[in-house]
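Asks: Below is one structure. I have some questions about it.
The values are calculated or read from the model by the stated rules, or taken from the named source; none is laboratory data. Here the structure is a predicted model, which is why all the values come from computation and not from measurement. Quick reminder, even Gly has a Cβ in these numbers, built from the backbone with ideal geometry, and neighbours come from all protein chains shown.
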Amino acid sequence: MDGNCHPPHLILYLKHPFLISFVVLGLSCSRWEYQDPSNPVDLQSPETYLSFAATDTIYAGLDSLGNPVYAIGNDPDSGMVWDTLFQAFTTITTSKQTLHWWGEDVDGTVEGYYYKWNTDLNWTYTTLESGTFFVPIRSELDIFEFEVKAVDNDQLEDLSAAKIVLPITNSAPTINFRYLSNPLIADINGDTSFTFPTRTFNWDLYDQDGNETITDIFYALDDTCESCWIRMEGDLSGITLTNLEQGNHKFYLKCRDIAGAGSELIQFPDSSRPSDAQVWKVLPIQGDVLIVDDFPLDAENNALDWYTTIFDTIVGSNGYSVWEIGDELPYSSTDVTANLNYFKHVVWFCAYNNTAAANDTYNGAEASLVNFVMGGGNLFINPIDYEDTTFTWFPMDTMMTINRSGLLWSGKEIISPIDSTLDLEVSHLISVRVKGFVPDSTQFAVNKEIYHMPDPVDVWDEWDGNPTVCSLGQFQVSPTTYSGKVVIMTLPLHDGYQPKLDGNGSSSKLFHYLFEEEFIE
């Protein structure tokens, strides 16, 4: 040893599964020799070590077969070719890089580090000894340089920063529709997805180089011609299409990253995904009334046909629209809200069976139902199964089962305190447990009972008193504004085979009353 202090080097590791590390150690005199502490010495910069030899520019080129190769050295024409490094560097395929570093100081301690990429204007200080970086690649293949230098407790910096030069190959982004955001054939009980003129699409993006490198998302409707694509900016994960024309449609989607690499095109409907709906058809908005079929077990649509026949006489065959939900609501609540808001009145009937197989969906639509009513829409809903005792769209004070045996026999009268001509009668055995209730009157500005049970007369009448089974409520939204009216009926009007309350004339009289007396403007 000559006793002179050698320039410090900083240890730098590139963490990559395919990279081969080459160790070149810069040895300092003070590493092996110890000076007499009685002799004063000058403060020394932190000593460092270099474990990855990549301090020179890496030149990219092609060999005689057209394969990419790299050379290390100041002269790209020098012919210095290290075959082992070619394989290592050509396997770097992502701009996400995890780097590790550390330093040592013979006369003190290392307090921190400054690092910088060649794309940075200034050095960044850190006390960490590793970092994960997303290199801002802007072309298919780009070269980036990273430098880092240690700082000791005397604020002395490494005189020669450790450096690595990396060739980065861009990876193309991917885009996929979010799981279950497009309806399944099994859920809609057919191969056609029917919607009204609003439809939301949701997707997930991924880029191995970091999602922040995805700069453009494009969609097209029905055609993929060059001028058909519409560009969307920002970190988007969905879009709601409105004012869609009646008829069949297809939706196309793709994305592109900052380096110009594009994803594969995806579409809905897609014949390569046979479990998804294979047709998307937009229905027109017809009339002011929406009949919502939330009875998936009504396979023959007997209940739906019964409702539509009633409304043919009330508003005419062109005065209403039908929404058959199936087993699942639309993925986006935006679509549920939009479907309701196209109309002034909603008639929502649910499954007859109060079992898991019934699978009605009204609870999942609760927020949309509240928005609809508070916005002035009128709602009639006929749920049989109650998963909760309180609903924000119809607050309950008390609920009780009125037929614990699960039977309500035909011939039983259902009393209307409004007008005896509205009285109903059970026409066919009701063989499910049904509820009576007491509305929470403190929540309503208007609260009107429409039907209650008669006085019990025998052991089969398992209720006490006269529990309410149909009631109307209206909220006060502001000192001068009221909500729409919401009517809840807890006895089933139809079981999917036959009407259940037609023993004293058709229960259509209830809907005539609502639409001719209560729901009029």
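Asks: State whether the residues of the stretch 112-132 include one that is within 31 Å of the chain's Cα centre (by Cα) and surrounded by 15 or more Cβ atoms within 10 Å (Cβ to Cβ).
Replies: Yes - at least one qualifying residue is present in the stretch 112-132.
Asks: Within the stretch 176-188, does at least one residue satisfy the condition of being buried (at least 16 other Cβ atoms within 10 Å of the Cβ), over 18 Å from SER332 (Cα atoms) and either in contact (Cβ under 8 Å) with a residue 60 or more places away in the chain or acidic (Asp, Glu) (or both)?
Replies: no
Asks: Given the conditions (1) charged (D, E, K, R); (2) farther than 15 Å from ILE175 by Cβ; (3) free of Cβ contacts under 8 Å to residues at least 40 places away in the same chain, and given that GLU245 satisfies all but one, which numbered condition is not satisfied?
Replies: (3)
Asks: Say whether the condition of being surrounded by 19 or more Cβ atoms within 10 Å (Cβ to Cβ), assigned to a loop (DSSP other than H, G, I, E, B), among the charged types (D, E, K, R) and modelled with pLDDT under 90 is met by at least one residue in the stretch 402-424.
Replies: Checked the stretch 402-424: no residue is surrounded by 19 or more Cβ atoms within 10 Å (Cβ to Cβ), assigned to a loop (DSSP other than H, G, I, E, B), among the charged types (D, E, K, R) and modelled with pLDDT under 90.
Asks: Look at ASP293 and say whether it is under 26 Å from MET374 (Cα atoms), out of contact with any Gly (no Cβ under 8 Å at 6 or more places or on another chain) and not polar (S, T, N, Q).
Replies: Spelling it out, ASP293 is indeed under 26 Å from MET374 (Cα atoms), out of contact with any Gly (no Cβ under 8 Å at 6 or more places or on another chain) and not polar (S, T, N, Q).
Asks: Check every one of the strands (runs of 3 or more DSSP E) wholly within the stretch 108-162 and list those with 1 or more residues that are outside the structural domain of GLY210 (by TED's automatic domain parsing) and farther than 28 Å from ALA259 by Cβ.
Replies: Qualifying strands (runs of 3 or more DSSP E): 110-117, 124-126, 141-152.
Asks: Which members of the stretch 477-504 meet the condition of being more than 21 Å from TRP393 (Cβ to Cβ) and touching a residue at least 12 places away in the same chain (Cβ under 8 Å)?
Replies: The answer is HIS494, ASP495, GLY496, TYR497, GLN498, PRO499, LYS500, LEU501, ASP502, GLY503, ASN504.
Asks: Something else now. Restricting attention to the stretch 141-155, and to residues there that are surrounded by 20 or more Cβ atoms within 10 Å (Cβ to Cβ) and not charged (D, E, K, R), which single residue is nearest to THR119 (Cα to Cα)?
Replies: PHE146
Asks: Follow-up. Can you pull out the residues in the stretch 210-231 that are among the hydrophobic types (A, V, I, L, M, F, W, C) and surrounded by 14 or more Cβ atoms within 10 Å (Cβ to Cβ)?
Replies: ILE214, ILE217, PHE218, ALA220, LEU221, TRP229
Asks: Out of all the residues in the stretch 347-361, is one or more surrounded by 19 or more Cβ atoms within 10 Å (Cβ to Cβ), in the same structural domain as LYS435 (by TED's automatic domain parsing) and among the charged types (D, E, K, R)?
Replies: Yes - at least one qualifying residue is present in the stretch 347-361.
Asks: Among (1) closer than 20 Å to THR200 by Cα; (2) in contact with a Ser or Thr (Cβ under 7 Å, 6 or more places away or on another chain); (3) of a type in the set (D, E, K, R), where does ARG256 come up short?
Replies: Only one criterion is unmet by ARG256, namely (1).
Asks: Where residues in the stretch 192-236 are assigned to a loop (DSSP other than H, G, I, E, B) and modelled with pLDDT under 95, which of them is nearest to the chain's Cα centre (by Cα)?
Replies: LEU236
Asks: Residues that are in a strand (DSSP E or B) and surrounded by fewer than 16 Cβ atoms within 10 Å (Cβ to Cβ): does the stretch 451-473 have at least one?
Replies: Looking through the stretch 451-473, none of the residues is in a strand (DSSP E or B) and surrounded by fewer than 16 Cβ atoms within 10 Å (Cβ to Cβ).
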